[in-house]
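Comments concern the structure below.
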Amino acid sequence: MKKQLYHNEKLKSLSEMAASISHEVRNPLTVTRGFIQLLKSPGIDDEKKNTYLDLSLQELDRAETIISDYLTFAKPHVNVDLELLNITDEMNYVANVMQPYALMQNVSIKKEFLVKDSYILGNRKQFHQCLINLSKNAIESMQNGGKLVFKVTKENKKITLKLTDTGVGMSSEQIARLGVPFFTNKEKGTGLGTMVAFSIVKAMKGDIKVNSKMNEGTTFTISIPESVSKSKTD
Ligand code: ADP
Ligand code: MG
């Protein structure tokens, strides 16, 4: 099943997202603070103490995951620096960053770069964040190992990136909810990764599509206008 992604009605701007995400991070922090307060009560028994500590750690982990899905790299500022990004350099960077996580899950990463010296305009850290969020999902969809392919092609002044996994795939209902903030099928998911990725593609004047089949896998296709390279403008 194919789908054009990011409906305007459910996509917030990066700055609106920053506001809703800081709210989301504050919740686990407030909960943790409450437990720490309780730990100070006199005569508290060991069992209760352990429960409070476990819950606090769990909540802190949650805050950590929310932050890493949203801003491992990206600054939540409205005016981010834009630069010309060499597409294959950036894809190589992301493939390297994802390597340890892929290895942990028995996933091999394959690169098919059919372009050379091609540039797009964007914020480097946000672009990394976008691809990392999508790659993380791809790897997490292959619990029994598999293959993640990064493919780069160019046609009609557009650079196309394809991320294909051999994972569990998605139903049409799941696809329909992709990008909706806090929608997750994972026990410890944040439901922020795809929303953040879609917003970043949109900010780069690109578009993103998904094609997925249950038990076969998923392909995300991102298409971004090509920018004239530095050497060509000199
Ligand atoms: P999270 O990863 O925290 O659940 P995301 O926004 O990154 O949040 O993803 C939302 C949901 O979309 C996931 O829980 C998963 O069900 C589904 N999903 C996203 N990418 C893939 C993929 N490549 N393969 C299968 N399911 C996916
Ligand atoms: Mg995710």
Apply the Karplus parameterisation 6.51 cos²θ - 1.76 cosθ + 1.60, with θ equal to phi minus 60°, to every residue of the stretch 142-152 and state each ³J(HN,Hα) to the nearest whole Hz, in sequence, with x for glycine and proline. 10, 5, 9, x, x, 10, 10, 10, 9, 10, 10
Any idea what the relative contact order of the chain is, in percent, if you count C-alpha pairs under 8 Å spaced at least 6 apart? 24 percent
Only Cα pairs within less than 10 Å get springs; with that Gaussian network setup on the chain, which residue of Ile87, Ile222, Ile36 has the largest fluctuation? Ile36
Given the options Ala203, Ala63, Ala19, state which has the largest fluctuation in a GNM of the chain using a 10 Å cut-off (strictly under) for Cα springs. Ala19
Bins of 5 Å from zero: percent of alpha-carbon pairs in the stretch 111-234: 2, 10, 20, 24, 20, 12, 7, 3, 2, 1, 0
Past the 28 Å Cα-Cα mark, which pairs from Lys111/Lys202; Lys157/Lys186; Lys147/Lys188; Lys136/Lys158? Lys157/Lys186
Dimensionless Rg over Rh [the stretch 81-135; C-alpha; Kirkwood]: 1.00
Taking all pairs of distinct alpha-carbon atoms in the stretch 129-182, Kirkwood radius in angstrom: 12.7 Å
Isotropically averaged projected area of the chain, using the convex hull of Cα atoms (one quarter of hull area), nm²: 14.8 nm²
Taking Cα atoms, how many degrees apart are the long axis of helix 193-203 and the longest axis of the chain, rounded to 10 and kept between 0 and 90? 40 degrees
Given the -39500 (n - 2.57) contribution per DSSP H run of 4+ residues, what per-residue ellipticity at 222 nm results for the chain, rounded to the nearest 500 deg cm²/dmol? -15000 deg cm²/dmol
The stretch 33-169: spread of alpha-carbon positions along the three principal axes, whole Å, largest first, is 71, 41, 22
For the chain, find the longest principal axis of its Cα atoms and tell me its angle to the long axis of helix 87-104, 0 to 90°, nearest 10. 40 degrees
I'd like to know how the stretch 165-234 sits against the 2.2 N^0.38 Å rule of thumb: what's its Cα Rg over that expected value? 1.40
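Taken together, the values in this text are just the output of simple stated rules run on the coordinates, not laboratory data. As the structure is a prediction and not an experimental result, all values here were calculated from the model.
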